[in-house]
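Notes follow once the structure below has been shown.
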Amino acid sequence: MKCGPTFSEFLQASLRAWALRRIEDCVLSLALPLESVDPLTQLPVIADRHHFSFLWDSSPGLTLAAAGKCQNFELVGQRRFELAQRFSDETLNRLIDGTPEAPSHAKPRVLLAFTFFEQTTEIKIGTKNIPAVQAILPSWQLTRQTGQSWLRLNAVVAHEADVRDFVEQLWLMREKLVTSSKQVWLTSINMLGVSISQNWQNNYRLALAKGIDLVNSGELKKLVLAVKESIVLKEPLNPLVVLSNLRIRQQGSCRFLWKRASDESFFGASPERLLSCRNGLIRTDALAGTASKDDDGYDLLRSDKDLREHELVVSSIHNQMIQQGLEPYRSRSPRLAKHGHLVHLHTPITAMNKGLSPLQLADALHPTPAVAGLPRPKAFKWLRTLESFDRGNYAAPIGWIDNLGNAEFRVAIRCAYARGTSLELIAGAGLVKGSVVEKELQEVKLKLGVMADHVSSESLTKLVK
Ligand SMILES: C=C(O[C@@H]1C=C(C(=O)O)C=C[C@H]1O)C(=O)O
């Protein structure tokens, strides 16, 4: 099937768009439709020769693969949400979108990943630094929604003669994608479950006991303590294989990948929406209270401890939105959200936007008490004391903003860092009055299992502390 304009029609339209530029070194952004291809399996094709790549897979909704850095912004320190919003606005307003007819899913996007804490020095996970925010206009963007795929290229084009090169690159990549999508994806999908090491449990038990003291004594209303498990693999793992398994096993989650260097990835399957802004409507999720799916979740709807824990999160998000001048709507009681072998209490909260930028809202909401605690400043202090590792991007916002002002950010949980043969899994559990150490430990085991169950047992050699 041949989609879209002919080469010469497209080139002429691109030259006309470029001629309207208002600055010399402008970013030109052009997109072409193509027959439906899966951005997840095609990511390696567009990422060839690029260190940075990204995946956002909320299929059957939007799937987006991106690679390369056309424009890049990194920051260590304060005002990161405000400055990242400014970078996104300037980048998206300045670029020349030569394909305004592209559907909403194919619009140019800035991709963003934050760290949990707004630290003032770069933190090191393994050997690499993680900035407090990284915002990237990618070179390549491949999207699919409702069976339609589009490929977009962003690049600085200074001379008229370069427009032809640009269009040729886009044309060739489209052909490459269509050809390679017909090849079978050979990487094996190994679903053997890996039993999780018990190593992390001793220290975590102590931290949980202290956390429970803090909530029982009234020092804190809630504390969400996380733990990290380190695994050494026989060979480097391909996060895309794990993510394609999770597409089946964690339906309803949004699978994400932030590959910041050729051998370093952060990826996961988040069940939790921090916010989405679409056509003036804001939506956020309160997600807290967890059970194994074995009990079908109906005990959860009757568990006083879980309902209290959940209500703390709902009312905190609701209040934050009111403070931002919004009029949020929430349902009176939570529903169940099933994600693989876990079930959570879930309350969606919605509001009409009144001129807030996505990152103003993200700044107000992050971190919600679903992943940090209450009151927030005291919870931060205790997280730094009781957790023996830096959270990095764990439990922080990850997502995108497009040039129509739409945005979506997930809370980066159910996740892992992979660097060569090292794999680090992180998960946490919320403590409130009445929490019990062993139950929280079991809950965290299940959460770590979301990732660990998808690492094949053959690639696992030993577990380290
Ligand atoms: C903190 C995590 O999950 C969060 C904590 C939950 C809980 O304590 O019940 C439930 C969902 C998430 O908001 C995690 O998965 O690491």
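Out of all the residues in region 252-278, which are more than 19 Å from Pro138 (Cα to Cα) and in a loop (DSSP other than H, G, I, E, B)?
Gly252, Ser253, Pro271, Glu272
In the set Leu312, Leu257, Leu275, which member is within 16 Å of the ligand (Cβ to nearest atom) and touching a helix residue (DSSP H, G or I) at 6+ places or on another chain (Cβ under 8 Å)?
The match here is Leu275.
If you scan region 315-329, which residues turn out to be part of a helix (DSSP H, G or I), in contact (Cβ under 8 Å) with a residue 24 or more places away in the chain, more than 16 Å from the ligand (Cβ to nearest atom) and out of contact with any strand residue (DSSP E or B) (no Cβ under 9 Å at 6 or more places or on another chain)?
Within region 315-329, Gln323 is the sole residue that qualifies.
If you go through region 226-241 one residue at a time, do you hit one that is within 12 Å of the ligand (Cβ to nearest atom) and under 23 Å from Glu311 (Cβ atoms)?
yes
Given (1) farther than 30 Å from His366 by Cβ; (2) surrounded by 14 or more Cβ atoms within 10 Å (Cβ to Cβ), where does Ala66 come up short, assuming only one miss?
It is condition (1) that Ala66 fails.
When only residues in region 424-435 that are in a loop (DSSP other than H, G, I, E, B) and touching a Leu at 6+ places or on another chain (Cβ under 9 Å) count, which is nearest to Pro375 (Cα to Cα)?
My answer is Val432.
It is to be established whether one or more residues within region 87-96 are part of a helix (DSSP H, G or I), under 24 Å from Thr115 (Cα atoms) and among the hydrophobic types (A, V, I, L, M, F, W, C).
Yes, there is a match, as at least one residue in region 87-96 is part of a helix (DSSP H, G or I), under 24 Å from Thr115 (Cα atoms) and among the hydrophobic types (A, V, I, L, M, F, W, C).
What number goes with the only condition from (1) crowded, with 23+ Cβ neighbours inside 10 Å; (2) touching a Ser or Thr at 6+ places or on another chain (Cβ under 9 Å); (3) not in a strand (DSSP E or B) that Gly405 does not pass?
(1)
How do the pairs read when you match residues in region 435-449 that are among the hydroxyl-bearing types (Ser, Thr, Tyr) with residues anywhere that are within 11 Å of the ligand (Cβ to nearest atom), using Cβ under 9 Å and keeping only pairs 6 or more apart or on different chains?
Correct list of pairs: Ser435/Lys305; Ser435/Glu309; Ser435/Ala429.
Considering each residue of region 242-251, count those that are assigned to a loop (DSSP other than H, G, I, E, B), more than 14 Å from the ligand (Cβ to nearest atom) and within 30 Å of Arg205 (Cβ to Cβ), and give that number.
Qualifying residue count, region 242-251: 0.
For residues in region 386-407 being more than 18 Å from Thr115 (Cα to Cα) and not aliphatic (A, V, I, L, M), which is nearest to the ligand (Cβ to nearest atom)?
Asn406
Residue check: is Phe166 under 26 Å from the mean Cα position of the chain (by Cα), touching a residue at least 12 places away in the same chain (Cβ under 8 Å) and outside any strand (DSSP E or B)?
Considered against the rule, which asks whether it is under 26 Å from the mean Cα position of the chain (by Cα), touching a residue at least 12 places away in the same chain (Cβ under 8 Å) and outside any strand (DSSP E or B), Phe166 comes out as no.
Return the residues of region 72-86 that are part of a helix (DSSP H, G or I) and not aromatic (Phe, Trp, Tyr); say none if nothing qualifies.
Listed by number, the residues that qualify are Arg80, Glu82, Leu83, Ala84, Gln85, Arg86.
If you scan region 362-385, which residues turn out to be away from the ligand (no atom under 14 Å from the Cβ), over 20 Å from the mean Cα position of the chain (by Cα) and of a type outside the set (Phe, Trp, Tyr)?
Pro375, Arg376, Pro377, Lys378, Lys381, Arg384, Thr385
Specify which of the listed residues (Arg164, Arg79) is closer than 21 Å to Gly68 by Cβ and of a type outside the set (A, V, I, L, M, F, W, C).
Going through Arg164, Arg79 in turn, just one is closer than 21 Å to Gly68 by Cβ and of a type outside the set (A, V, I, L, M, F, W, C): Arg164.
For every residue, the table says whether it meets (1) more than 20 Å from Ala395 (Cα to Cα); (2) not in a helix (DSSP H, G or I).
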site	(1), (2)
Asn199	yes, yes
Tyr204	no, no
Ala209	yes, no
Asp213	yes, no
Glu235	yes, yes
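When the residues of region 28-63 are filtered to those that are assigned to a loop (DSSP other than H, G, I, E, B) and more than 19 Å from the chain's Cα centre (by Cα), which remaining residue is surrounded by the most Cβ atoms within 10 Å (Cβ to Cβ)?
Top of the filtered list is Val37.
Kindly provide the set of residues from region 388-417 that are closer than 26 Å to Pro236 by Cβ, modelled with pLDDT of 95 or more and among the hydrophobic types (A, V, I, L, M, F, W, C), ordered by number.
Ala395, Ala396, Ile398, Ala412, Ile413, Cys415, Ala416
Can you name every residue in region 288-300 that is away from the ligand (no atom under 13 Å from the Cβ) and in contact with a Leu (Cβ under 7 Å, 6 or more places away or on another chain)?
Passing the criteria: only Lys293.
Going by the conditions given, is Leu336 within 13 Å of the ligand (Cβ to nearest atom), touching a Pro at 6+ places or on another chain (Cβ under 8 Å), in the same structural domain as Gly428 (by TED's automatic domain parsing) and outside any loop (DSSP other than H, G, I, E, B)?
So Leu336 fails the test.
Is region 361-376 home to any residue that is surrounded by fewer than 14 Cβ atoms within 10 Å (Cβ to Cβ), among the polar types (S, T, N, Q) and in a loop (DSSP other than H, G, I, E, B)?
no
The values are calculated or read from the model by the stated rules, or taken from the named source; none is laboratory data. Keep in mind the model is a prediction, meaning the values are calculated, not measured. Cβ coordinates were reconstructed from backbone atoms using ideal geometry, including for glycine residues, and neighbour counts include every protein chain displayed.
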